[in-house]
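For reference, the structure discussed in these notes is given below.
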Amino acid sequence: MHKEFLMGNAAIARGAIAAGLNLISGYPGTPSTEVLETSAKCNKSGSLYVEWSVNEKAALELAAGAAYCGARTMVTMKQVGLNVASDPLMSLAYIGVKGGMVILVADDPGPISSQTEQDTRTFAAYSKLPCFDPSSVQEAYDMIGEAFELSEKYGTPVLFRPTTRVCHGYASIDVKDETEYKSVKPEGFVRDPSKWVIFPRLSYNAHIKIEARNVTLSEELSDYARNLVIPEKAAGCKKGIATHGISYTYVAEALAGKDAPRVMKVTTPFPFPEQAALRFLDGLDEVLCIEELDPVIERELTYICGKHHLPVKIRGKLTHDVKNAGENTCGTVAENIAGFMGWELPAAAKAEEPPALPVRPPVLCAGCPHRASFFAVKEAMKGQKAVFCGDIGCYTLGNAMPLDMVDTCLCMGAGVNITQGIGHIEPDMKCFAFVGDSTFFASAITGAVNAVYNQADMTLVILDNSTTAMTGHQPHPGTGHTMMGQVVDKIDITAVLKGIGVKTVVTVDPLDLKNAVETVKCVASEKGVKAIIFKLPCAVIIKPKKPAFIDTQKCTNCKRCIKALGCPGIVLRDGRPAIENSLCTGCGLCSQVCPCSAISLTKEGE
Amino acid sequence: MQTNIMICGVGGQGIVLTSKLIAATAVSHDVPVMSAETIGMAQKGGSVFSFLRLGDGIASPMFPEGSADLLIGFEPSEAVRMFPYLKKGGTAIVNTHPIMPVTAALTGSDYDGADMLEYIRRNAEKAVFVDGDKAITDIGSPKVLNMVMLGAAVATGLLPFSLEEIEETMKATVKPQFAELNSKALRYGG
């Protein structure tokens, strides 16, 4: 045992490796990504199989197959990724596993970088799978091994759902030395169709077993030391606080040095530890539930009070005592508790109102090829009735002014289908779908097949920057390398599109603006499904060129470069456009937009 | 003894490394440490902050407003944005050099940081202003602003470490060819 300062996600990976992990698969998504990345970094011997799968469904099915063989497996994703993986998840709950299988799903209260505020604890109840909810980096490290143990003991996959502040929080924690690591030798796949092949009869029998198992688990988990009930310090206090996850640490901070009320920390929200809850509720008048996302604990406690006729008032989100959206903070939790307990909060020192702060919204980076691609399509479609359906990735930022080129964005891979739907209702609309290369492989190929076969009239624009940029540059099938360090054949997007019957597939360099605009005009005028691939690597992964240069003699200060592109590499200095040399990558897009040829990539004479 | 530190600025200024260096020094001196920071939008010129907590009995990686002993602001407006976290009597160390938002050219913002510095001067009981622009010019590298700020933080005496102890961690962390430059910057700030 020794101390290390680790990020929550790194701690989870390290804890899983210490527990004898054999295989880890996943799809990138904030705040879960670093779990798999850390696993790959720690895999010097190559004994662990690590894979960024094409999407979450593939990742989960792969991990299930390995777990059928007795391997310890983990699959990682963000909460919306679980929606993609929900089909295999729901069925796997009935089939079960042999080796321990942990499905790591990172939730994102806020949401800080997600489409939804869905709660994987609710998904646990829906799928009837046990769920672990760590409250700190240390607990996440320690508990991942316990999750594997429980998974193997009951032959079921288990969910492990940290939230952003646990995933991305850092702490100096106790970690095992390598000599303490467990080693797991998988037995291999043992053929047994009565176990591994799902049929209605099997499902009926499995359902009966699952319900019985979850009753047993509720009892077992009531004695699980991490489902804490902390007795009150103040005698006669009839109030209690029930909480979970990172909010538990906010509660602990708020109660430090106080004659605290009784506290319950629910670490396994499903199956809910009913006996532990009864011990917590015993003798209380009122409970405040402090939760993020869904009121899972609040509903369970309300149910338990009803079932056992307990005269305890359960408060929380459902009773509007606590806000029902967004994340908690130390501050909001301290206020909630003070209100509930009737405590006076120390009056906040009233500082004067600060001056208006500059906003720093996320924008496409200087030199980002997506800016050029969006601009080319915008120019080409000027004056025409057109719709631009976007998707999930950096290019969602194409919605920002002045590009303003994202009309819809729903979920991974949706744009290609949404644009078809719009086209069927508005036949005179030029329908576009923009999708990144990683998202294309993850979930847009089926949409393209749908479009071709069902005779849609649309232009599919692939923004191919040769990486998964938004989540930190993970490989995907178009990049030619894997997490095991192999260099492999890339899957060619053009060949995929041709293979499914897209007749026109044109690849263009988005920075060759004139050609790009002409290509878009030409391709979009065709009938049927056609595709344009804007191909240029992400500006962050290539070496920048020398910054552009503005000839102040030629510049008429029309500011078209700024108004058309909104590139962070061009700033206003003394009221005139100027190149910000620290950001400019020398992509040259602005030089093609300037009507007076004032911007060039080399100073005269160089 | 607990020390709460808020480090804030704009993506690309080296805030996360600063936080990591203090944390690593804590680990090597058996001081419990926790931190939490913004992740993801950093490379896109967004606001970046790092909560850093040292000492025993800490439960949460974040702390509430009004509880930072030390606010290290790498940029004037970002220091003001996080100013509510500074506790009464706490110390603010602020780089006086403003960074325009990347959208400023588009929105026609005339932000120059002066109002922000005035605000901190009026509202912080203890404030240390660092001319970051002069510092990086004097030292000769734009990449060492974070070390200058860290040196200034150590000089307040609010961190439970000496400049030499921080320097030792820095040397173990950065590439050897940058160690000397960073030492120079640490000492410049201190």
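The values are calculated or read from the model by the stated rules, or taken from the named source; none is laboratory data. Owing to the predicted nature of the structure, the values given are computational and were not obtained by experimental measurement. Here the Cβ is made from the backbone with ideal geometry for all residues, glycine too, and neighbour counts use every protein chain on show.
Which of the helices (runs of 4 or more DSSP H) found entirely inside the range A:170-281 contain at least 3 residues meeting this: within 14 Å of chain B (Cβ to nearest Cβ)? Outline the logic, then answer.
Numbers: elements: A:193-196, A:200-222, A:245-255, A:274-281.
Filter on the range A:170-281 gives A:245-255.
Look through the range A:573-587, keep the residues that are within 23 Å of B:Gly12 (Cα to Cα) and assigned to a loop (DSSP other than H, G, I, E, B), and return whichever of them is farthest from the other protein chains (Cβ to nearest Cβ). Write out each step before concluding.
Within the range A:573-587, the first condition is being within 23 Å of B:Gly12 (Cα to Cα), and the residues that meet it are A:573, A:577-587.
Remaining after also requiring assigned to a loop (DSSP other than H, G, I, E, B): A:580-587.
Values: A:Glu580: 8, A:Asn581: 10, A:Ser582: 7, A:Leu583: 8, A:Cys584: 12, A:Thr585: 12, A:Gly586: 17, A:Cys587: 15 Å.
The qualifying residue farthest from the other protein chains (Cβ to nearest Cβ) is A:Gly586.
Kindly indicate which of A:Val251, A:Val266 is more than 17 Å from A:Val215 (Cα to Cα) and either at pLDDT 95 or above or crowded, with 21+ Cβ neighbours inside 10 Å (or both).
Working: A:Val266 fails: more than 17 Å from A:Val215 (Cα to Cα).
Only one candidate qualifies: A:Val251.
To keep it simple, each residue is scored yes or no on (1) surrounded by fewer than 23 Cβ atoms within 10 Å (Cβ to Cβ); (2) within 28 Å of A:Lys44 (Cβ to Cβ); (3) free of Cβ contacts under 8 Å to residues at least 24 places away in the same chain; (4) not acidic (Asp, Glu).
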| position | (1), (2), (3), (4) |
| --- | --- |
| A:Pro134 | no, yes, no, yes |
| A:Ala140 | no, yes, no, yes |
| A:Ala147 | no, yes, no, yes |
| A:Thr156 | no, no, no, yes |
| A:Val166 | no, yes, no, yes |
| A:Lys176 | yes, yes, no, yes |
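So B:Tyr119 clears everything in (1) more than 7 Å from chain A (Cβ to nearest Cβ); (2) part of a helix (DSSP H, G or I); (3) among the hydroxyl-bearing types (Ser, Thr, Tyr) except one condition, right? Which one?
Tallying (1) more than 7 Å from chain A (Cβ to nearest Cβ); (2) part of a helix (DSSP H, G or I); (3) among the hydroxyl-bearing types (Ser, Thr, Tyr), B:Tyr119 fails exactly one: (1).
Please tell me if A:Gly383 is out of contact with any Phe, Trp or Tyr (no Cβ under 8 Å at 6 or more places or on another chain) and not β-branched (Val, Ile, Thr). Please lay out each step first, then the result.
Working: out of contact with any Phe, Trp or Tyr (no Cβ under 8 Å at 6 or more places or on another chain): yes; not β-branched (Val, Ile, Thr): yes.
Criteria met by A:Gly383.
Could you identify the single residue in B:Ile7, B:Ile22 that is surrounded by 20 or more Cβ atoms within 10 Å (Cβ to Cβ), part of a helix (DSSP H, G or I) and at negative phi?
Working: B:Ile7 fails: part of a helix (DSSP H, G or I).
Only one candidate qualifies: B:Ile22.
Out of (1) over 11 Å from B:Met6 (Cβ atoms); (2) facing another protein chain (nearest Cβ under 8 Å); (3) buried (at least 19 other Cβ atoms within 10 Å of the Cβ), what's the single condition that is false for B:Gly57?
Here B:Gly57 meets the rest and fails (3).
Determine which member of the set B:Glu75, B:Glu37 is surrounded by 24 or more Cβ atoms within 10 Å (Cβ to Cβ), within 11 Å of chain A (Cβ to nearest Cβ), under 29 Å from B:Lys175 (Cβ atoms) and touching a His at 6+ places or on another chain (Cβ under 9 Å).
B:Glu75
Report yes if some residue within the range B:142-155 is of a type in the set (Val, Ile, Thr), in a helix (DSSP H, G or I) and surrounded by fewer than 17 Cβ atoms within 10 Å (Cβ to Cβ); otherwise report no.
To start, the set of residues in the range B:142-155 that are of a type in the set (Val, Ile, Thr) comprises B:144, B:148, B:154.
When the remaining residues are screened for being in a helix (DSSP H, G or I), the result is B:144, B:148, B:154.
When the remaining residues are screened for being surrounded by fewer than 17 Cβ atoms within 10 Å (Cβ to Cβ), the result is none.
No, the range B:142-155 contains no residue that is of a type in the set (Val, Ile, Thr), in a helix (DSSP H, G or I) and surrounded by fewer than 17 Cβ atoms within 10 Å (Cβ to Cβ).
On the given criteria, is A:Ser114 modelled with pLDDT under 95, closer than 20 Å to A:Thr439 by Cα and of a type in the set (Ser, Thr, Tyr)?
Details: modelled with pLDDT under 95: yes; closer than 20 Å to A:Thr439 by Cα: yes; of a type in the set (Ser, Thr, Tyr): yes.
Here the answer is yes, as A:Ser114 does meet what is asked.
Give the number of residues within the range A:545-559 that are loosely packed, with under 15 Cβ neighbours inside 10 Å and within 14 Å of another protein chain (Cβ to nearest Cβ). Spell out the reasoning first.
Keep residues of the range A:545-559 that are loosely packed, with under 15 Cβ neighbours inside 10 Å, which gives A:545-546, A:551-554, A:556-558.
In the following step, the residues that additionally are within 14 Å of another protein chain (Cβ to nearest Cβ) were identified as A:557-558.
Here the count works out to 2.
Every residue in the range A:360-383 that is of a type outside the set (Val, Ile, Thr) and either within 30 Å of B:Ala79 (Cβ to Cβ) or without any contact (Cβ under 8 Å) to a residue 60 or more places away in the chain (or both), please.
Applying the first criterion (of a type outside the set (Val, Ile, Thr)) to the range A:360-383 yields A:360-362, A:364-376, A:378-383.
Correct list: A:Arg360, A:Pro361, A:Pro362, A:Leu364, A:Cys365, A:Ala366, A:Gly367, A:Cys368, A:Lys378, A:Lys382, A:Gly383.
Have a look at A:Gly331, A:Gly316 and point out the one that is in contact with a Cys (Cβ under 6 Å, 6 or more places away or on another chain), within 18 Å of A:Tyr250 (Cα to Cα) and of a type outside the set (A, V, I, L, M, F, W, C). Lay out the reasoning, then the answer.
Values: A:Gly331 fails: in contact with a Cys (Cβ under 6 Å, 6 or more places away or on another chain).
Unique residue meeting the criteria: A:Gly316.
Against the definition (modelled with pLDDT of 95 or more and either within 35 Å of the chain's Cα centre (by Cα) or under 21 Å from B:Met100 (Cα atoms) (or both)), how does A:Leu583 come out, yes or no?
no
Could you tell me which of the residues A:Asn83, A:Asn22, A:Asn55 is closer than 19 Å to A:Gly145 by Cβ and modelled with pLDDT of 95 or more?
Values: A:Asn83 fails: closer than 19 Å to A:Gly145 by Cβ; A:Asn55 fails: closer than 19 Å to A:Gly145 by Cβ.
That would be A:Asn22, the only listed residue that is closer than 19 Å to A:Gly145 by Cβ and modelled with pLDDT of 95 or more.
Kindly evaluate A:Ala67 against the criterion of being within 22 Å of A:Asn214 (Cβ to Cβ), among the small types (Gly, Ala, Ser), under 16 Å from the mean Cα position of the chain (by Cα) and surrounded by 24 or more Cβ atoms within 10 Å (Cβ to Cβ).
Numbers: within 22 Å of A:Asn214 (Cβ to Cβ): yes; among the small types (Gly, Ala, Ser): yes; under 16 Å from the mean Cα position of the chain (by Cα): no; surrounded by 24 or more Cβ atoms within 10 Å (Cβ to Cβ): yes.
Spelling it out, it is not the case that A:Ala67 is within 22 Å of A:Asn214 (Cβ to Cβ), among the small types (Gly, Ala, Ser), under 16 Å from the mean Cα position of the chain (by Cα) and surrounded by 24 or more Cβ atoms within 10 Å (Cβ to Cβ).
If you check B:Val102, B:Val80, B:Val31, which single one turns out to be aliphatic (A, V, I, L, M), at the interface with chain A (Cβ under 7 Å from one of its Cβ atoms) and over 20 Å from B:Lys143 (Cβ atoms)?
Working: B:Val102 fails: over 20 Å from B:Lys143 (Cβ atoms); B:Val31 fails: at the interface with chain A (Cβ under 7 Å from one of its Cβ atoms).
That would be B:Val80, the only listed residue that is aliphatic (A, V, I, L, M), at the interface with chain A (Cβ under 7 Å from one of its Cβ atoms) and over 20 Å from B:Lys143 (Cβ atoms).
Restricting to the range A:354-394, what's the tally of residues that are more than 13 Å from chain B (Cβ to nearest Cβ) and part of a helix (DSSP H, G or I)?
Qualifying residue count for the region: 10.
A quick yes/no check of all residues on (1) of a type in the set (S, T, N, Q); (2) buried (at least 18 other Cβ atoms within 10 Å of the Cβ); (3) in contact (Cβ under 8 Å) with a residue 60 or more places away in the chain:
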residue: B:Ile99; (1), (2), (3): no, yes, yes
residue: B:Ile120; (1), (2), (3): no, yes, no
residue: B:Ala124; (1), (2), (3): no, yes, no
residue: B:Lys134; (1), (2), (3): no, no, no
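Suppose we keep only residues that are part of a loop (DSSP other than H, G, I, E, B) and aliphatic (A, V, I, L, M) within the range A:308-335. Which one would you say is nearest to A:Thr116 (Cα to Cα)?
Filtering the range A:308-335 for residues part of a loop (DSSP other than H, G, I, E, B) gives A:308-312, A:316-329.
Add one more test, that the residue is aliphatic (A, V, I, L, M), and what stays is A:310, A:312, A:318, A:322, A:325.
Details: A:Leu310: 35, A:Val312: 32, A:Leu318: 19, A:Val322: 19, A:Ala325: 11 Å.
Here the residue is A:Ala325.
Select, from A:Ile462, A:Ile500, A:Ile392, the only residue that is over 27 Å from A:Gly566 (Cα atoms) and not acidic (Asp, Glu). Walk me through it before giving the result.
Values: A:Ile462 fails: over 27 Å from A:Gly566 (Cα atoms); A:Ile392 fails: over 27 Å from A:Gly566 (Cα atoms).
Result: A:Ile500 is the single residue among A:Ile462, A:Ile500, A:Ile392 that is over 27 Å from A:Gly566 (Cα atoms) and not acidic (Asp, Glu).
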